[in-house]
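Heads up, the thing below is written out as structure tokens.
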Amino acid sequence: MSSGFASSRHFELARSRLLAGAIFALGLTCAGLLGRQPWPLPLRLVAIVMLAAFLGGWLWRRSGSRRIRRLQVTRHGWRLHEAGGATLAATLQPDSLLTRRLLVLNFRLDGRRRSRAVVVLPDSLPPAERRRLLVLARFDDGAHRPPP
């Protein structure tokens, strides 16, 4: 079974400034809306601090050693490479969102109940690489065999 691709394809994901800007704008909007609620001032401040902690934790997880920095597609399936050096075998889930501008790849980690989502925005990959990833994800049937 031969495809037009090499036996292994790598996709190096850059940090997305679009995603960071969207999260920052969302945080400011939510903080502004929380600040205008008719709640007592201490309750509003607690809600804003909780929102900041949530967004800060989310960004920390996405920028730390657990951030997915590289995707690898082999004949045996998908590999997610974390910034800390760990490699996770995974299966692409059919509920992934695949559009020309936005890819949200949902992976089920092999041998685990947990799943991971990888967001690929236009500034995360060069256009040709993003198109290749889109095609590979669209035609992934999940019928990868384990390595011999």
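Coordinate-derived values only; no laboratory data. Because the structure is a prediction, the values reported are computed rather than measured. Every residue, glycine among them, receives a Cβ derived from its backbone with ideal geometry; neighbour counts consider all protein chains shown.
For the chain, relative contact order (Cα pairs under 8 Å, six or more residues apart, normalised by length) works out to 22 percent. Helices in the chain that qualify as membrane-span-like (whole DSSP H runs, Cα extent of at least 30 Å along the helix axis, mean Kyte-Doolittle hydropathy of 1.0 or higher) are 41-63. Once amide H atoms are built 1.01 Å from N in the peptide plane, which residues 5 or more positions from residue 96, or in another chain, come under 5 Å H to H? HN-HN under 5 Å from residue 96: 106. Rounded to the nearest 20, the Cβ-based charge dipole of the chain about its Cα centre (Lys and Arg +1, Asp and Glu -1) stands at 100 debye. Using a Förster distance of 35 angstrom, determine the FRET efficiency expected from the C-beta separation of residue 119 and residue 45, and round it to 0.05. It comes to 0.70. Taking only the alpha-carbon positions of the range 17-63 and ignoring solvent, what does the Debye formula give for the base-10 log of I(q)/I(0) at q = 0.26 Å⁻¹? Evaluating at q = 0.26 Å⁻¹ gives log10 I(q)/I(0) of -0.91. The length gained on full extension between residue 66 and residue 22, counted as 0.36 nm times the residue separation minus their Cα-Cα distance, comes to 13.8 nm.
Determine which residues of the range 19-39 fall in the zone a paramagnetic label at residue 58 would reach in this model, i.e. backbone nitrogen under 20 Å from the point 7 Å along Cα→Cβ. Only 19-37 fall inside the zone, counting backbone N under 20 Å. A simple count of charges around residue 10, restricted to other residues whose Cβ falls under 13 Å of its Cβ and scoring Lys, Arg +1 and Asp, Glu -1, yields +3. For the chain, the alpha-carbon radius of gyration amounts to 1.27 times the rule-of-thumb value 2.2 N^0.38 Å expected for a compact globular protein.
Couplings for the range 80-97, taken from phi via the Karplus curve 6.51 cos²θ - 1.76 cosθ + 1.60 with θ = phi - 60°, read 9, 9, 7, 4, x, x, 6, 10, 10, 7, 8, 10, 6, 8, x, 8, 5, 9 Hz in order; Gly and Pro are left as x. Dividing the summed -39500 (n - 2.57) terms of all DSSP H runs of n ≥ 4 by the residue count of the chain sets its mean residue ellipticity at 222 nm at -12500 deg cm²/dmol.
The relative contact order of the range 44-93 comes to 24 percent, based on Cα pairs under 8 Å that sit 6 or more residues apart.
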